[in-house]
1. Of the residues Thr126, Thr106, which single one is open to solvent by less than 30 Å² (accessible area, probe 1.4 Å), touching a residue at least 12 places away in the same chain (Cβ under 8 Å), of a type in the set (Ser, Thr, Tyr) and at negative phi?
2. Take region 22-46 and flag every residue that is more than 14 Å from Thr106 (Cβ to Cβ) and part of a helix (DSSP H, G or I).
3. Answer yes or no as to whether Leu86 is assigned to a helix (DSSP H, G or I) and more than 16 Å from the chain's Cα centre (by Cα).
4. Take the residues of region 202-217 that are among the charged types (D, E, K, R) and closer than 24 Å to Ile2 by Cβ: which is most open to solvent (accessible area, probe 1.4 Å)?
5. Failed condition for Phe92, given (1) in contact with a helix residue (DSSP H, G or I) (Cβ under 7 Å, 6 or more places away or on another chain); (2) open to solvent by 50 Å² or more (accessible area, probe 1.4 Å); (3) modelled with pLDDT under 90; (4) within 16 Å of Leu152 (Cα to Cα), with all others met?
6. When residues of region 22-43 are filtered for being touching a Gly at 6+ places or on another chain (Cβ under 9 Å) and either surrounded by fewer than 19 Cβ atoms within 10 Å (Cβ to Cβ) or of a type outside the set (D, E, K, R) (or both), how many remain?
Amino acid sequence: LILWRLLQPQAFGMMAIVNVFLQGIHMFTDVGIGPSIAQNKQGDDPTYLNTAWTIQVVRGMAVAIVAGLASIPLAAFYGEPELAPLGAAAAFGSVVLGFRSTRMFTEARRVNVRRLMVLNLICQATGLVVMIVWGALTHSIWAFVGGGLVALALELFLSFAMLPGIPNRLQWDPQSARVLVNFGRWIFFSTALTFLVSQSDRLIFGKLVPLERLGVYSIATVWASL
């Protein structure tokens, strides 16, 4: 809502496409690491947690590579060359997110919501400040991407520095991996359907209307949600 006064409507249209595009890839590759840790009786076992973290790291890198490569045809489809570097840069956030500590899921499992709430507020506030300052100085769409990456990097750091728990490391336990994958397939179906129902409108409208109009639509949905 603040950036609306600093950037052109077209910037919001392009970021709507980039964000929904990345959300789609994330949701179609969601294996439910967090819910699996929260509900499984092995949720406090270091071997289980490290196997989950390893899957999360690999998934984050894979999502970043796929999204980065797919940004090129995405830009061609919408006829906006700037979508390619924007999508590739935003996709790097998946790598950062992949290395986030499983301590966040452990805290959720134990219903220790205060630490998680404080951590999330710190990260969101920092990202917002970066976006606003960047947008005010440059009036560039890159304020969105820069602020988002800063927030994710801070979340990665605080997930290890601020929360108690095991120090994650790469580890592979076949039995734990089977449990995670078997549980995650149901999460996949749920998140995929959620994406198609709630987010596909922006991808469709982005092809049917000018990006400036899509930007107005995107900010209108923010007000409606508020």
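The values are calculated or read from the model by the stated rules, or taken from the named source; none is laboratory data. Source: prediction; values computed, not measured. Cβ: placed from backbone, ideal geometry, glycine included. Neighbour counts: every protein chain shown. Heads up: the accessible areas ignore ligands, DNA and RNA and are worked out on the full protein's heavy atoms, side chains in. Shrake-Rupley method; radii C 1.70, N 1.55, O 1.52, S 1.80 Å.
1. None of the other options fit; the residue is Thr106.
2. Scanning region 22-46 gives Leu22, Gln23, Gly24, Ile25, His26, Met27, Phe28.
3. Judged against the criteria, Leu86 is not a match.
4. Arg213
5. With respect to (1) in contact with a helix residue (DSSP H, G or I) (Cβ under 7 Å, 6 or more places away or on another chain); (2) open to solvent by 50 Å² or more (accessible area, probe 1.4 Å); (3) modelled with pLDDT under 90; (4) within 16 Å of Leu152 (Cα to Cα), Phe92 is out only on (3).
6. 7
Residue-wise test of (1) among the small types (Gly, Ala, Ser); (2) buried (at least 17 other Cβ atoms within 10 Å of the Cβ); (3) under 28 Å from Asn40 (Cα atoms).
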| site | (1), (2), (3) |
| --- | --- |
| Val130 | no, yes, no |
| His139 | no, no, no |
| Phe144 | no, yes, no |
| Val150 | no, yes, no |
| Leu158 | no, yes, yes |
| Ala161 | yes, no, yes |
| Ile166 | no, no, yes |
| Trp172 | no, no, yes |
| Val181 | no, no, yes |
